[in-house]
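Got a structure for you, questions after.
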Amino acid sequence: MKQTKEKVSLFSSIKTKIILLVFFAIVVSTLMNLWTIIPLLQDSMSSTTQSYMKDVTLIAGENLDREMAYIGSESVLAPEQLGASVGGITIRGMESSYAYVVSADGTMLYHPTAEKIGQPVENAAVTGLVAEIAKGNRPETDVIEYEFKGAMKYAVYYIGEDSSYILVVTADEEAFADMNKIVKRCVESAGI
């Protein structure tokens with residue numbers, strides 16, 4: 001008996017169906033991995049950056065406290081001296097980062113924008129800290145997020161040992177743009 005071979009169309013063949021199934025499984029697996037990994041990467045990078053900002057702020061604040069113990073608060077909290085002490089503080093890789101100092105009553109003692117010195121602090125996060133100091137509290141150094149003139153900012157504050165000043169090191173949310181580059185690279189390498 002002679003067997004006849006029937007010609008099977010490309011989309012009906014088992015081989016094509018298996019290839020499509022494998023391709024679909026790879027795409028779904030890649031998407032699930034990205035969906036799982038990207039938030040973990042974002043959290044990890046954010047946590048590391050915030051820890052770094054906190055360390056920088058703590059060191060600078062403790063240095064100001066030591067200077068105040070040696071030469072007095074009046075000298076240390078003068079705008080020129082603060083400019084020399086904290087004016088150069090930035091977070092590496094974050095062009096928008098800078099430090100500023102606010103008095104316990106909410107007056108700007110030092111800011112890279114000279115016109116702000118002597119003016120009341122403008123953001124709600126720091127005015128909240130001023131209110132806590134007025135109640136006799138000294139909040140521990142921490143990271144805060146706030147919106148200022150439509151832009152999200154991240155900041156770390158340090159309140160002086162005598163509660164006479166608040167040192168703030170801040171950076172725009174754009175400072176975390178490296179995470180967006182990583183996400184883009186992951187998506188590109190996945191071929192999606």
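Separation between the Glu62 and Met152 pseudo-spin-labels, each 7 Å from Cα along Cα→Cβ, expressed in nm?
Distance between the two pseudo-spin positions: 3.1 nm.
Let me ask you something else. Fully extended, how many nm does the chain gain between Tyr52 and Glu80 (0.36 nm per residue separation, minus their Cα-Cα distance)?
In short, 7.5 nm is gained.
Using Cα-only point scatterers and the Debye equation, what is log10 of I(q)/I(0) for the range 109-170 at each q in 0.18, 0.20 Å⁻¹, rounded to two decimals?
Ignoring solvent entirely, the Cα scatterers give -0.67, -0.83.
Roughly how compact is the range 77-148, stated as its Cα Rg over 2.2 N^0.38 Å to two decimals?
1.13
Computing the accessible area with a 1.4 Å probe over protein heavy atoms, can you report the carbon and sulfur percentage for the chain? Before the final figure, lay out each step's value.
Working: 7020 of 12330 Å².
The computed percentage sits at 57.
Next up: Using alpha carbons only, how many angstrom separate the centre of the range 109-127 from the centre of the range 32-62?
Comparing the Cα centres of the range 109-127 and the range 32-62, I get a distance of 26 Å.
Counting other Cβ atoms within 10 Å, keep those with at most 14, restrict to DSSP loop, and tell me which chymotrypsin sites (Phe, Trp or Tyr not before Pro) in the range 86-164 are left.
none
May I pose another question? Taking 27 Å as the cut-off for C-alpha to C-alpha distance, list the pairs among Lys153/Lys181; Lys116/Lys184; Lys17/Lys184; Lys153/Lys184; Lys116/Lys181 that go past it. Numbers along the way, then the final one.
On the way: Lys153/Lys181 19 Å; Lys116/Lys184 38 Å; Lys17/Lys184 31 Å; Lys153/Lys184 23 Å; Lys116/Lys181 34 Å.
Beyond 27 Å: Lys116/Lys184; Lys17/Lys184; Lys116/Lys181.
What is the sum of charges, Lys and Arg at +1 and Asp and Glu at -1, for the other residues whose Cβ falls under 14 Å from the Cβ of Ser75?
Here the charged neighbours net out to -3.
So, counting K/R as plus one and D/E as minus one, what does the shell of residues with Cβ under 13 Å around Gln50 add up to?
That works out to -3.
Take the Cα coordinates of the chain, assign each an equal point scatterer, and use the Debye formula without solvent to give log10 I(q)/I(0) at q = 0.10, 0.12, 0.16 Å⁻¹.
Rounded to two decimals, the profile gives -0.54, -0.67, -0.98.
The values are calculated or read from the model by the stated rules, or taken from the named source; none is laboratory data. Source: prediction; values computed, not measured. Cβ: placed from backbone, ideal geometry, glycine included. Neighbour counts: every protein chain shown. For the accessible areas, the whole protein counts, side chains as well, though only heavy atoms, and no ligand, DNA or RNA atoms are used. Shrake-Rupley method; radii C 1.70, N 1.55, O 1.52, S 1.80 Å.
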